[in-house]
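To start, the structure itself, in C-alpha coordinates.
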Amino acid sequence: MPIPFEPSLDLIITLSAIALLGALFAFASHRAAQPADPLNPRLVPWRPIIVISGFATLVAIVHLLNLAGVETGRP
(Lines give C-alpha, C1' and ligand atoms only; values in the text may rest on other atoms or scores of the structure.)
Protein backbone atom coordinates (compact mmCIF):
# COMPACT_ATOMS: atom_id res chain seq x y z
CA MET A 1 0.00 0.00 0.00
CA PRO A 2 1.63 3.30 -1.03
CA ILE A 3 2.02 6.25 1.32
CA PRO A 4 -0.46 9.04 0.41
CA PHE A 5 2.27 11.68 0.70
CA GLU A 6 6.04 11.88 0.89
CA PRO A 7 7.07 13.29 4.31
CA SER A 8 9.52 16.15 3.96
CA LEU A 9 12.76 16.39 5.88
CA ASP A 10 11.40 19.44 7.75
CA LEU A 11 8.48 17.36 9.01
CA ILE A 12 10.71 14.51 10.14
CA ILE A 13 13.12 16.84 11.96
CA THR A 14 10.27 18.77 13.61
CA LEU A 15 8.54 15.61 14.86
CA SER A 16 11.87 14.28 16.15
CA ALA A 17 12.55 17.57 17.94
CA ILE A 18 9.10 17.51 19.55
CA ALA A 19 9.68 13.94 20.77
CA LEU A 20 13.17 14.64 22.12
CA LEU A 21 12.25 17.95 23.76
CA GLY A 22 9.14 16.41 25.29
CA ALA A 23 11.24 13.58 26.72
CA LEU A 24 13.77 16.09 28.10
CA PHE A 25 10.91 18.08 29.65
CA ALA A 26 9.49 14.93 31.30
CA PHE A 27 12.91 13.78 32.55
CA ALA A 28 13.80 17.22 33.95
CA SER A 29 10.39 17.45 35.64
CA HIS A 30 10.96 14.07 37.24
CA ARG A 31 14.45 15.01 38.44
CA ALA A 32 13.30 18.39 39.80
CA ALA A 33 10.54 16.70 41.80
CA GLN A 34 12.97 14.49 43.70
CA PRO A 35 13.48 15.43 47.36
CA ALA A 36 16.62 17.42 48.11
CA ASP A 37 19.53 15.64 49.74
CA PRO A 38 21.76 18.01 51.76
CA LEU A 39 24.74 15.65 51.56
CA ASN A 40 24.50 15.28 47.77
CA PRO A 41 23.78 18.65 46.13
CA ARG A 42 22.26 18.88 42.67
CA LEU A 43 24.82 19.72 40.02
CA VAL A 44 22.27 20.42 37.28
CA PRO A 45 19.64 23.17 37.66
CA TRP A 46 16.59 21.22 36.49
CA ARG A 47 14.00 24.01 36.68
CA PRO A 48 15.59 26.23 33.99
CA ILE A 49 15.91 23.11 31.81
CA ILE A 50 12.16 22.53 32.28
CA VAL A 51 11.37 26.08 31.18
CA ILE A 52 13.72 26.04 28.19
CA SER A 53 12.64 22.62 26.93
CA GLY A 54 8.96 23.50 27.40
CA PHE A 55 9.38 26.72 25.43
CA ALA A 56 11.33 24.95 22.68
CA THR A 57 8.63 22.26 22.48
CA LEU A 58 5.95 24.93 22.02
CA VAL A 59 8.02 26.61 19.29
CA ALA A 60 8.42 23.24 17.54
CA ILE A 61 4.65 22.62 17.74
CA VAL A 62 3.98 26.03 16.18
CA HIS A 63 6.48 25.17 13.44
CA LEU A 64 4.65 21.87 12.87
CA LEU A 65 1.37 23.78 12.52
CA ASN A 66 3.03 26.10 10.00
CA LEU A 67 4.22 23.09 8.02
CA ALA A 68 0.63 21.82 8.02
CA GLY A 69 -0.53 25.10 6.46
CA VAL A 70 -1.93 26.93 9.50
CA GLU A 71 -0.98 30.61 9.52
CA THR A 72 0.17 31.58 13.03
CA GLY A 73 1.68 34.98 12.27
CA ARG A 74 0.13 38.38 11.83
CA PRO A 75 -2.32 38.76 8.92
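The values are calculated or read from the model by the stated rules, or taken from the named source; none is laboratory data. Keep in mind the model is a prediction, meaning the values are calculated, not measured. Quick reminder, even Gly has a Cβ in these numbers, built from the backbone with ideal geometry, and neighbours come from all protein chains shown.
Among the residues of region 49-75, those that are in contact with a helix residue (DSSP H, G or I) (Cβ under 6 Å, 6 or more places away or on another chain), at pLDDT 95 or above and either in a loop (DSSP other than H, G, I, E, B) or closer than 21 Å to residue 31 by Cα (or both) comprise 49, 50, 53, 54, 56, 57.
Mind listing just one residue for me: the one in region 27-46 that is of a type in the set (S, T, N, Q) and surrounded by fewer than 14 Cβ atoms within 10 Å (Cβ to Cβ) and, of those, farthest from residue 57 (Cα to Cα)?
Kept after step one, since they are of a type in the set (S, T, N, Q), are these residues of region 27-46: 29, 34, 40.
In the following step, the residues that additionally are surrounded by fewer than 14 Cβ atoms within 10 Å (Cβ to Cβ) were identified as 34, 40.
Numbers: 34: 23, 40: 31 Å.
Residue satisfying both the conditions and the ranking: 40.
For region 28-48, filtering for residues that are part of a helix (DSSP H, G or I) and either of a type outside the set (S, T, N, Q) or within 18 Å of residue 15 (Cα to Cα) (or both) leaves 7.
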